[in-house]
Amino acid sequence: MSEFIFATAQYESGDWDSAPLVPANVIDSVARYTSIPVAPVGINVSLSSDDALRYPLLYLTGHLPVRFTQAERQVLARFLGRGGMLFVDDHNHDIDGAFHKTATEELARVAGPLVKLPRTHGLYRAFFVFPDGPPNTSHELNGWGDNLIHPDLLAAMHGDRISVLYSNKDYSSEWGYHPDNKRFFSVDNTRFAVNIVVYALTS
Amino acid sequence: MPSRRDAGVPVRERALRGAALAALVVMAARILLAPVSVTEVMRASTTDLHPALVRATYRTVPAIELDAARTLTPMERDWLRALSRAETTVRWRPSRSLATLAVQAERSVEPGGGLAITMLAPRAMPIVVGDDDGIIDSLRTGDGALSIAATVTGALHVRTDDVAADVPRRDSLPIRSVVIIGQATWETKFIAAALEESGWPVVVSMRVAPGVVVGPGATIPLDTTHVSAVVVLDSVATRAADVARYVRSGGGAILAMGAVLSPAIASLAGVSPAQRLRGELGALTSSDPVNGLAATTFTIRDSRSSVLDRRGSAPIVVARRSGAGRVLALGVEDTWRWRMAGASGSVEAHRRWWSRTVASVAYAPLTIATEDGGLDAAPTAAMYAALGAPASFVTSPSALPKIVVDWLLVAVILIGLMGEWASRRLRGAR
């Protein structure tokens, strides 16, 4: 039985590796809270390569404009059609920013329109319960980025399943620290990452 | 001195008289020498069988000899069998080589699965498969056996040039849930997806953390009124006792490697793991994608087990009966890779493979054909069973029928005698 491997998607444009500490932190949380067999290190995989199809949950982030190549669009379309799930986080936390504008455009071309995910969706109860929807980040609360709190996540659906989960909340900054530092938090702020992983594995 | 004309007359008259006399002798010989039984044998062929059967029914005939150019219909077979039990000897022989055709149709235990049809016929025989609505497909047998799956309306009809087999309509099978028990992994998720997409009602029980299970599969009663099959994927088989009881009562179980390794449930599988093999590099996108998956070979501990698939010579999929149910030990691992990273069409292929794998063990209540009369799944075999093996005929085949020969002889006698009388009158003799 294969382990869950946290995979970060590389794409040609932009800065795909802007949150290098996130994978380790998410992996730590999955191992800490669940019995899901998880690989101790993540992997980076090119979105233009068929290798991306080996990792049914992909994490994509960045600050810069996102323009997929034709190969990236084709692989992503196959990935989503076969049952994969892409989690995209706007590292700018800025709905007027280059990442948000270009990424949502590109994703809509491949996966269809992104719509608000209801706060009652199963994602928010997949493991931990978030009755108010997606947890806010310190970046939102401190007024950084677009100085807005984004109460909802966006999603492209494939049937009744989320195929693309899109966040403007900047979880890439929120979760971008060494896992050992979780001990300084009264509430672990990576718990929502566990929900995303459990949802991807069970839905 | 008599003229040449007068001299030839007596010779001609003697010849005509002799011909008439010879014909009379032949007729007498035919009457006196021919055995009584032979003269009373009725010869028939499949082209005129029905009137012959009617005649034989209303007029006692000691024997019927049938030249069969085709297999008989069930009615014809039954009629001949009835005559044979009423003291009419029935002999038959094929007038041409009759194909041996047998058809088996089983309702596939899959949602909307139609029939799994197996046909046995001589090598490379053209076969037409149809149902009450018309022709479904035209095929040619390979090595003598052919299996297809088809959705059939009413009865199934299979034809070769001279043999027709018909299988009665079958009741549809009730499809119940498939319970998937395993850890929250890609394998569990994509097996559930494949089965759901195939139309199976799927109930999952995915273990996420100690005491945390996703899905209602942990509580559904495991019995044949609720569940068609159970797929157990991990070694922490929380419901091992339930699964064992369910299988004994007729249910089907698929035990993946994790379950085969579990002491609580391994005894059901009748195998023990032998060697773990890596998938063949690049095979996932080839025509044999299962070879691209990692697999564990088995050592078989139950001699009644059947090996369904091998890697090299080592078994990787093994089936056996356990109580009234069926168990399949699956050595192939991480089939989700086939779906996600396989060639074009791999999603459908993965879905079909899992649906058929589950169907091969799923609980299927006994069904009875709803209309059996007049249908015939193995007509050649049924003909042998009803009439016995082909036999030599007592009457020898003649170029002309007996009645024609008799009339020819009468004509020869009449012409001979009339000619001889006319010849005498023309020359003035009395």
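Return yes when B:VAL178 is within 14 Å of chain A (Cβ to nearest Cβ), under 30 Å from B:GLY323 (Cβ atoms) and part of a strand (DSSP E or B) and no when it is not. Let's see the steps before the verdict.
Numbers: within 14 Å of chain A (Cβ to nearest Cβ): no; under 30 Å from B:GLY323 (Cβ atoms): yes; part of a strand (DSSP E or B): yes.
So B:VAL178 fails the test.
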- [ ] Test B:VAL213 against the criterion of being surrounded by 22 or more Cβ atoms within 10 Å (Cβ to Cβ), closer than 30 Å to A:ALA126 by Cβ and out of contact with any Asp or Glu (no Cβ under 8 Å at 6 or more places or on another chain), and give yes or no.
- [x] no
Task: Filtered residues of region B:228-262 (kept if surrounded by 23 or more Cβ atoms within 10 Å (Cβ to Cβ) and more than 14 Å from every other protein chain (Cβ to nearest Cβ)) - done: B:SER228, B:ALA229, B:VAL230, B:VAL243, B:TYR246, B:VAL247, B:GLY251, B:GLY252, B:ALA253, B:ILE254
TODO: Report yes if some residue within region A:8-25 is within 14 Å of chain B (Cβ to nearest Cβ), open to solvent by 30 Å² or more (accessible area, probe 1.4 Å) and either under 17 Å from A:TYR199 (Cβ atoms) or at pLDDT 95 or above (or both); otherwise report no.
DONE: no
TODO: Please give the number of the condition B:VAL167 fails out of (1) away from every other protein chain (no Cβ under 14 Å); (2) under 30 Å from B:VAL260 (Cβ atoms); (3) touching a residue at least 60 places away in the same chain (Cβ under 8 Å).
DONE: (2)
- [ ] Scan region A:34-53 residue by residue and report those that are facing chain B (nearest Cβ under 9 Å) and surrounded by fewer than 20 Cβ atoms within 10 Å (Cβ to Cβ).
- [x] A:SER35, A:PRO37, A:ASP50, A:ASP51
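Please verify whether region B:292-306 includes one or more residues that are among the β-branched types (Val, Ile, Thr) and either crowded, with 22+ Cβ neighbours inside 10 Å or within 14 Å of chain A (Cβ to nearest Cβ) (or both). Quick ask: steps written out before the conclusion?
Within region B:292-306, the first condition is being among the β-branched types (Val, Ile, Thr), and the residues that meet it are B:296-297, B:299-300.
Subset that is either crowded, with 22+ Cβ neighbours inside 10 Å or within 14 Å of chain A (Cβ to nearest Cβ) (or both): B:296.
The answer is yes, given that some residue of region B:292-306 is among the β-branched types (Val, Ile, Thr) and either crowded, with 22+ Cβ neighbours inside 10 Å or within 14 Å of chain A (Cβ to nearest Cβ) (or both).
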TODO: Considering (1) in contact (Cβ under 8 Å) with a residue 40 or more places away in the chain; (2) touching a helix residue (DSSP H, G or I) at 6+ places or on another chain (Cβ under 7 Å), say which one A:GLU140 fails and leave the rest.
DONE: (2)
Task: Per-region count, region B:188-222, residues in contact with a Gly (Cβ under 9 Å, 6 or more places away or on another chain) and facing another protein chain (nearest Cβ under 7 Å) - done: 5
TODO: Examine region A:23-46 for a residue that is over 28 Å from A:PRO179 (Cβ atoms) and in a loop (DSSP other than H, G, I, E, B), and state whether such a residue exists.
DONE: no
Open item on the list: For region B:242-258, check the following and say yes or no: at least one residue is of a type in the set (Val, Ile, Thr) and over 21 Å from B:VAL327 (Cβ atoms).
Closed with: no
TODO: Output the number of residues of region B:323-363 satisfying the condition of being away from every other protein chain (no Cβ under 14 Å), out of contact with any Asp or Glu (no Cβ under 9 Å at 6 or more places or on another chain) and on the phi < 0 side of the Ramachandran plot.
DONE: 12
TODO: Report yes if some residue within region B:122-142 is of a type in the set (A, V, I, L, M, F, W, C) and touching a residue at least 40 places away in the same chain (Cβ under 8 Å); otherwise report no.
DONE: no
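The values are calculated or read from the model by the stated rules, or taken from the named source; none is laboratory data. Bear in mind that the values here come from a model prediction, so they are computed numbers and not experimental data. All Cβ positions, glycine included, derive from the backbone under ideal geometry; neighbour counts span all protein chains shown. Please note that ligands, DNA and RNA were not included when accessible areas were found on the heavy atoms of the full protein model with its side chains. Shrake-Rupley method; radii C 1.70, N 1.55, O 1.52, S 1.80 Å.
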